[in-house]
Amino acid sequence: MEELEVKVPVEKKCTLTIKEASAYSGIGVNKIREISKSPLCDFTLYVGKKTLIKRKKFEDFLNRALEI
């Protein structure tokens, strides 16, 4: 049986890959990786080796940030 690929719009996802977060925010992949490694970062979720970004917390972070 073949699995169907479900496409969910980025604005409806609760987590984003780093590439999706970069495209969504306009911030570079390397900068998002750097920020996400901070112990104070609350928008990062690790699933095994995969790093995911919690979209709403990421948006909150961006709304509070004056510079990155």
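Computed quantities for the displayed model
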quantity	calculated
Residues located in segment 11-23, provided they are at pLDDT 95 or above, in a helix (DSSP H, G or I) and open to solvent by 90 Å² or more (accessible area, probe 1.4 Å)	K19
Filter result (part of a helix (DSSP H, G or I), crowded, with 18+ Cβ neighbours inside 10 Å and of a type outside the set (K, R)) within segment 26-56	I32, I35, S36
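The values are calculated or read from the model by the stated rules, or taken from the named source; none is laboratory data. None of the values given here were measured: they were computed from a predicted structure. Cβ atoms come from the backbone with ideal geometry, glycine included; neighbour counts cover every protein chain shown. Accessible surface areas use protein heavy atoms only, side chains included; no ligands, DNA or RNA. Shrake-Rupley method; radii C 1.70, N 1.55, O 1.52, S 1.80 Å.
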